[in-house]
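All remarks here apply to the structure that follows.
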Amino acid sequence: MGDVVVALEDGRILVRSIEFGQPPFRKLGSMRIEFAERVTLIAGHNGIGKSTILGLLTNTFGLTGAEHKTFFGESYFKNIEKIVYIAKEEAEASKANPKSNPVVSASFGNIIIRKRCSITERKLWNRARVVPRTVDADPSDPVGHSAKIPLPTIYLGMRRLASIGETGDVDLSSSLLSMDEADRKVIVDFVKSVILGISVNDQVTQTPVKAAGVVSVQPGFDAHDAMAISVGQDSLGSIATAFASFSKLKRDLGDAYPGGLLVIDEIDVGFHPHALERLAKAITKYARKFDVQVVATTHSPALIECIHPSGGGNQNAPDAVIYLLDTNTPRIAEDQSLKSILADMSLRQDIPPAVSKPKLGIYFEDEEGRQFFDELYGRGRKISISRRAGVSIQPIALGVGGSNLLQLPDHDPIFRDRILVVDADTTIPKKSRDRGNTAKLPCPPGAQGTDRSPENMIINFLKELMDAKSGPYYNLMLKINVANPSSDKIRSKFFSDEVKLSDRVSTKKWWITHWPTLKSWKIIDLWISHHSAQVSTFISDFEAAVIRTATRLQ
């Protein structure tokens, strides 16, 4: 089967998670790692399984056809047997407990695809291989049962450190690499942004290192030959070349470009701590520019601090640090604070456990209301209000009507110490307002009846965007996060089937079907920007309810 690509109007392909069950895969069991949309750093002590995670992840994705090549001269995929050794005996254990094999999840447009990493024996090799087999396939799943998910993937392992001076190759020679000017600029600008004071030019060269089985790609250096590079420069050039390869692929595929995955083992090797802050900034910049997810392992406290939201990272950034504990039975650390991570890296014993904050439940009528709230009140705001109120907030969809939700405190006092958030079409009686633990989701000014539910508000908003020929709604339509936005695309994507605003079942089904696209197209963000006054009022009311209710939990 040939590679499948997805148009941007259907959203990027994004790596979502990897799950390990029981019995463990090697040492990894009973664990789920969720990946950020831009950069995910995985840290932990030696031998804890980080490289195995990278290998399984890399093996699940890639463009396997020969049509497109990276500037390393390779295809946009890498099989796990080229990354880590898997013994043939492990295939027998996999056959005995097939459901214990790790499962990698990804979103492919509107579809969630889950691939089980099935280990099979290779008769001609003294090692096993891993085949990504689909679990519970969606009827519209365009990926074959045993095929890789077609997200272009580049893996940079320790072999990227070519060590040209130590190879012993007697016929080493560099040659100019044929590439577009834009791709040359990516390499030059990336290298210059990380190593200060270096003078480089766009004469990009490639050096085949036969002994290492790799191709070293470097910009031109004004002061020395491109082969006379340090380990740090070698690693930096490889990362820059990977981004240049995604730059080329994005240009070649156009609207069919689904994003990319860059997997890097020991990303910090060869870099001075001062350079790591600039490396982190460069990676986040180019990952965003070329729609690339970066998953990397590290042992560097300095790099972790650059990405962690309590360090140099941004709380609202789509980045994450995942810290693993206990080399005997690996698990995700319960305390992912920067202070705790840095303490465990040195196995310090004098750090007290984090004080657990009281949990404050935020109850919604249904899942639609909760999802709408999550877009209105982003991760950064949640962290901020949690710190101010001294609680940990937990949004929960109950699946009850608004009036019934507001009556819960009359039947069970526990709900007086919970936040109750209702849709805008629910009237909050005085008794509920006086308790100070209620808030009403925002709606457009003048909206009446069922037009105030989250589903109907967004349906009506999309119709306004679709029908507008000029003015504010037309300008908003042009900002939809899709290539060449148009009324035709809105109509085709959201209104190919009739939806009745008066039928709650119909609108709920519509919301569930289209929620992934609403997120990827940034439709809720556009709605928020157009109703900023109403959203601000809701945020003020909600935060007042949290502060008041939290005092009863202390």
Exercise. Can ARG288 be described as under 18 Å from the mean Cα position of the chain (by Cα) and basic (Lys, Arg)?
Worked result: yes
For this session: Please tell me if PRO258 is more than 28 Å from ASN46 (Cβ to Cβ), touching a residue at least 24 places away in the same chain (Cβ under 8 Å), in a loop (DSSP other than H, G, I, E, B) and not polar (S, T, N, Q).
Result: yes
Exercise. Residues in the stretch 29-36: is at least one under 22 Å from TYR286 (Cα atoms), free of Cβ contacts under 8 Å to residues at least 60 places away in the same chain and outside any strand (DSSP E or B)?
Worked result: no
For this session: For SER107, state whether it is surrounded by 15 or more Cβ atoms within 10 Å (Cβ to Cβ) and at pLDDT 85 or above.
Result: yes
For this session: Please specify each residue of the stretch 431-451 satisfying the condition of being assigned to a strand (DSSP E or B) and of a type in the set (Gly, Ala, Ser).
Result: ALA439
Exercise. Taking the stretch 480-496 as the region of interest, how many residues are modelled with pLDDT of 95 or more and exposed (fewer than 13 other Cβ atoms within 10 Å of the Cβ)?
Worked result: 1
For this session: Could you check ILE112 against (1) surrounded by fewer than 17 Cβ atoms within 10 Å (Cβ to Cβ); (2) touching an Asp or Glu at 6+ places or on another chain (Cβ under 8 Å); (3) over 28 Å from TYR257 (Cβ atoms) and say which number it fails?
Result: (3)
For this session: Would you please name the residue that is modelled with the lowest pLDDT, looking only at residues in the stretch 399-415 that are assigned to a loop (DSSP other than H, G, I, E, B) and within 18 Å of PRO454 (Cα to Cα)?
Result: GLY399
Exercise. Inside the stretch 48-66, can you point out the residues that are over 22 Å from the mean Cα position of the chain (by Cα) and within 16 Å of LYS148 (Cα to Cα)?
Worked result: THR64, GLY65, ALA66
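Residue-by-condition table, conditions (1) surrounded by fewer than 16 Cβ atoms within 10 Å (Cβ to Cβ); (2) over 25 Å from HIS514 (Cα atoms):
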| position | (1), (2) |
| --- | --- |
| LEU360 | no, yes |
| TYR377 | no, no |
| SER384 | yes, yes |
| GLY401 | yes, no |
| HIS411 | yes, yes |
| ILE414 | yes, yes |
| LEU420 | no, yes |
| THR427 | yes, yes |
| LYS440 | no, no |
Exercise. Of all residues in the stretch 409-425, which are out of contact with any strand residue (DSSP E or B) (no Cβ under 7 Å at 6 or more places or on another chain) and within 24 Å of LYS500 (Cβ to Cβ)?
Worked result: ASP423, ASP425
Problem set entry | Test for THR64: is it closer than 18 Å to VAL15 by Cα and at pLDDT below 90 | yes
Problem set entry | Filter pass, THR70 being touching a residue at least 12 places away in the same chain (Cβ under 8 Å), assigned to a loop (DSSP other than H, G, I, E, B), touching a Gly at 6+ places or on another chain (Cβ under 9 Å) and at negative phi | no
For this session: Tell me which residues, restricted to the stretch 272-291, are touching a helix residue (DSSP H, G or I) at 6+ places or on another chain (Cβ under 6 Å) and either buried (at least 23 other Cβ atoms within 10 Å of the Cβ) or under 15 Å from SER340 (Cα atoms) (or both).
Result: LEU276, LEU279, ALA280, TYR286
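Each row is one residue, and each column tells you yes or no for (1) part of a loop (DSSP other than H, G, I, E, B); (2) more than 20 Å from LYS27 (Cα to Cα).
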{"position": "ILE86", "(1), (2)": "yes, no"}
{"position": "ALA93", "(1), (2)": "no, no"}
{"position": "VAL104", "(1), (2)": "no, no"}
{"position": "ARG116", "(1), (2)": "no, no"}
{"position": "ILE119", "(1), (2)": "no, no"}
{"position": "VAL130", "(1), (2)": "no, no"}
{"position": "THR134", "(1), (2)": "no, yes"}
Seminar exercise, completed: Taking the stretch 416-440 and keeping residues among the aliphatic types (A, V, I, L, M) and in contact with a helix residue (DSSP H, G or I) (Cβ under 6 Å, 6 or more places away or on another chain) leaves ILE419, LEU420, VAL422, ALA424, ALA439
For this session: Inspect all residues belonging to the stretch 47-64 and state whether any of them is on the phi > 0 side of the Ramachandran plot and outside any strand (DSSP E or B).
Result: yes
Exercise. Do we find that ILE428 is part of a loop (DSSP other than H, G, I, E, B), under 28 Å from ALA550 (Cβ atoms) and not acidic (Asp, Glu) in this structure?
Worked result: yes
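The values are calculated or read from the model by the stated rules, or taken from the named source; none is laboratory data. Please read all numbers here as calculations on a predicted model, not as lab measurements. As a convention, Cβ positions derive from the backbone with ideal geometry for all residues, glycine included, and neighbour counts pool all protein chains shown.
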